[in-house]
Amino acid sequence: MPSKLCDYEILYLIGSGSYGKCLKVRRKSDSKILVWKDMDYGSMTEPEKQQLVSEVNLLRELKHKYIVRYHDRIIDRSKSRLYLIMEYCAGGDLASLITKCRKDRSFLDEETILKIFSQLLLALQACHGQRRRNGNQGKVLHRDLKPANVFLDENNDVKLGDFGLARVLHHDTSFAKTFVGTPYYMSPEQMNKVQYNDKSDIWSLGCLIYELCALVPPFTAPNQKLLAVKIKEGQFRRIPSKYSNDLQECIASMLNLTSTLRPSLEDIMGSLMLRKYVKEYS
Ligand SMILES: CN(C)CCCNS(=O)(=O)c1cccc(Nc2nc(OCC3CCCCC3)c3[nH]cnc3n2)c1
């Protein structure tokens with residue numbers, strides 16, 4: 001039985017994203033803490049609404065311990081608003097964790113990074129393994145992997161969130177509008193407007209793990225034009241010396257300018273450095 005907004009008690013606003021607000025709520029029936037994300041679909045064309053429906057249907061099917069769980073959706077047609085009820089992640093997002101580490105001038109332990117790395121690999125493997133049903137064959141790719149889309153739960157386990165929603169809900173395919181903020185993790189093939197593929201998720205994951213180590217992205221620039229130059233050059237500093245050569249080399253392989261030369265999820269999961277973490281967290 002789909003729920004209604006009055007089934008939830010609003011606790012407070014967690015934050016506002018590119019597509020709407022995220023509120024912490026309590027379900028009245030059992031006091032379970034959840035979040036609702038409200039989004040305005042009023043200015044969408046029919047095809048964009050269809051895309052939104054298919055993205056939400058994909059979310060419903062993605063049930064995995066390291067992926068933010070979708071619980072329900074509420075449509076308020078009078079206000080052209082869609083509310084997604086989702087799992088609450090008490091540990092916040094990785095963007096906040098990186099900001100805190102920078103402020104405290106403290107690097108994360110390699111052990112912590114490898115735990116997050118292995119759990120993200122397992123989450124992405126679950127997505128890539130998920131098949132789209134409505135005719136668009138091909139894997140479910142995240143397409144917007146970044147620290148602000150990766151959350152932690154109360155046990156500091158990873159919860160990968162916000163699949164495709166920002167992309168769909170942005171429904172403006174212009175580069176500037178599609179990417180609110182600076183696209184630090186954009187792959188060379190995306191810069192060259194070549195088809196996004198599963199190895200583009202590997203590039204973004206490499207950028208994310210790099211930033212967990214260095215507390216800054218591998219490629220930075222004062223504007224998107226110069227950022228595109230930096231990304232296409234593909235040069236970046238080694239991660240801080242406290243981290244192993246294995247971790248450096250793994251990240252460097254993921255940031256190969258040629259997407260076909262990047263390792264697959266399975267190649268990375270099977271590496272000597274990660275296989276024991278993948279086994280432990282599977
Ligand atoms: C924008 N930043 C300053 C972040 C401010 C807020 N801090 S934070 O680090 O995300 C944070 C702090 C405490 C709890 C949670 N829990 C949480 N947050 C979600 O989304 C956050 C939302 C995403 C879009 C942009 C606005 C924020 C969830 N989505 C599904 N489950 C979720 N659980 C998050």
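The values are calculated or read from the model by the stated rules, or taken from the named source; none is laboratory data. Since the model is a prediction, treat every value here as computed from it, not as a measurement. Cβ: placed from backbone, ideal geometry, glycine included. Neighbour counts: every protein chain shown. For the accessible areas, the whole protein counts, side chains as well, though only heavy atoms, and no ligand, DNA or RNA atoms are used. Shrake-Rupley method; radii C 1.70, N 1.55, O 1.52, S 1.80 Å.
Points worth noting:
- Near pairs, Cβ below 6 angstrom, 6+ apart or cross-chain, from the range 46-61 (under 18 Å from M86 (Cβ atoms)) to any residue that is surrounded by fewer than 17 Cβ atoms within 10 Å (Cβ to Cβ): S54/N134
- Hits in the range 27-39 - residues which are more than 10 Å from the ligand (Cβ to nearest atom) and loosely packed, with under 15 Cβ neighbours inside 10 Å: K28, S29, D30, S31, K32
- Taken over the range 217-236, the criterion of being part of a helix (DSSP H, G or I) and of a type in the set (V, I, T) is satisfied by V229, I231.
- In the range 81-96, the residues that are farther than 19 Å from R26 by Cβ and basic (K, R) reach residues that are more than 8 Å from the ligand (Cβ to nearest atom) and open to solvent by 30 Å² or more (accessible area, probe 1.4 Å) with C-beta atoms within less than 8 angstrom, at least six apart or across chains, in these pairs: R81/D40; R81/Y41; R81/G42; R81/I75.
- Within the range 42-67, the residues that satisfy the criterion of being more than 20 Å from D7 (Cβ to Cβ) and among the β-branched types (V, I, T) are T45, V53, I67.
- When the range 57-109 is filtered for residues that are away from the ligand (no atom under 13 Å from the Cβ), open to solvent by less than 50 Å² (accessible area, probe 1.4 Å) and among the β-branched types (V, I, T), only I74 remains.
- Test result for S241, within 26 Å of Q125 (Cα to Cα) and either open to solvent by less than 10 Å² (accessible area, probe 1.4 Å) or in a loop (DSSP other than H, G, I, E, B) (or both): no
- Some residue of the range 10-17 being among the small types (G, A, S), closer than 22 Å to K146 by Cβ, open to solvent by less than 60 Å² (accessible area, probe 1.4 Å) and in contact with a helix residue (DSSP H, G or I) (Cβ under 8 Å, 6 or more places away or on another chain): yes
- Test: residue in the range 32-42 that is free of Cβ contacts under 8 Å to residues at least 60 places away in the same chain and farther than 17 Å from M86 by Cβ: yes
- Among the criteria (1) surrounded by 18 or more Cβ atoms within 10 Å (Cβ to Cβ); (2) over 22 Å from F107 (Cβ atoms), the one S204 does not fulfil is (2).
- Scanning the range 1-31 for residues that are without any contact (Cβ under 8 Å) to a residue 12 or more places away in the chain and charged (D, E, K, R) yields a single hit, D30.
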